[in-house]
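K.L.:
One structure coming up, written as structure tokens, with questions to follow.
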Amino acid sequence: MFDLWLSSNTLVIVLVPFVVLYSIALLIVWITHKSPARPYFASCVGIAGPFPATVAILFALFAAFLGNDVQRRGANAEAAVFREADGIRTILRLSEGVGKDADRIAEEARAYLTFVLDEELPKMRKRGAVPNKLGKERTLGLAVLTASLAPAVQTAMLGALVTVREARLERRTLSGNISSPFYWFAVIALGVLTQTAIAVVQLDKARPQALALFVFTTAFATTVALIGVGERPFSGRAIHDDPLREAMSSP
């Protein structure tokens, strides 16, 4: 359920929390003031005002944990792009230093960068996870392994190639994953419980209850929407490809 929602476009990710959570708030008002169960809730008037804070604190803690996890994954994805670019730049600079013997390596490195920039990253921005095409990565690795180079240069290139492969793997893994559904369930469940706790404090009059629910539900939905937008690196938040483009064009 969460994966389907978070794989949608940004507009859907933002609108769904507001529609669902406002609907829950309206349902709470109807149950406590307009439903056949009204006499029971009327008999419960008198719950102290500070009561919602006990649940709201737990909601805030889990929302902070989830937001921190999303932020960390986004930072890791951005760092992976920088490492991938640094590895390719190292291969290109070493190839230029070697000369004609490494022309094929430089050609394959640029072909790999073109593939990433023109095909892989645009698909990741649209859909998150994309099929793992290893063709360009393999041809670059083969070019490095079969080139007639000095041992020190070849070792340095292999090290840079390993960096590129590890960074690409991390980038792809992060682009297709979301935070643990447990965290999402906990945030939603505790948020709804906080809505309920606010409602039971205002059982005597419908308007104060509705206003209190409106204020909290707006904050609740905004929090969920903002975290949801940043959930998937590349497709949800802006992770720029500038380091890769600079690696392609830098002297």
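K.L.:
Which label belongs to the value computed from this structure, given these candidates for log10 I(q)/I(0) by the Debye sum over Cα atoms at q = 0.10, 0.17 Å⁻¹: (1) -0.54, -1.31; (2) -0.45, -1.46; (3) -0.62, -1.13?
P.N.:
Read-out taken from this structure: (3).
K.L.:
Would you be so kind as to identify all helices of the chain, as entire DSSP H runs, whose Cα atoms reach 20 Å or more along the helix's own axis and whose mean Kyte-Doolittle hydropathy is at least 1.0?
P.N.:
On the way: long enough: 10-33 (35 Å, 2.40); 51-98 (72 Å, 0.53); 151-176 (38 Å, 0.12); 181-201 (30 Å, 1.77); 206-229 (33 Å, 1.45).
Helices meeting the criterion: 10-33, 181-201, 206-229.
K.L.:
In what sequence do Lys34, Lys123 fall when counting other Cβ within 10 Å, fewest first? Walk me through the intermediate numbers first.
P.N.:
On the way: Lys34 10, Lys123 16.
Starting with the residue having the fewest Cβ neighbours, the order is Lys34, Lys123.
K.L.:
Right, another one. Enter the mean projected area of the convex hull around the alpha-carbon atoms of the stretch 147-231, in nm², rounded to one decimal. Before the final figure, lay out each step's value.
P.N.:
On the way: hull surface 31.7 nm².
With every direction weighted equally, the projected area is 7.9 nm².
K.L.:
Show me the ranking of peptides 162-175, 41-54 by mean Cβ neighbours inside 10 Å, starting with the highest.
P.N.:
Values: 162-175: 18.9, 41-54: 11.9.
Descending packing order for the listed peptides: 162-175, 41-54.
We did not get these values from a lab; they are worked out from the coordinates using the rules stated. Treat the numbers as computed from the prediction; the structure is a model and nothing was measured. Neighbour counts are summed over all protein chains in view; Cβ atoms, including those assigned to glycine, are modelled from backbone coordinates with ideal geometry.
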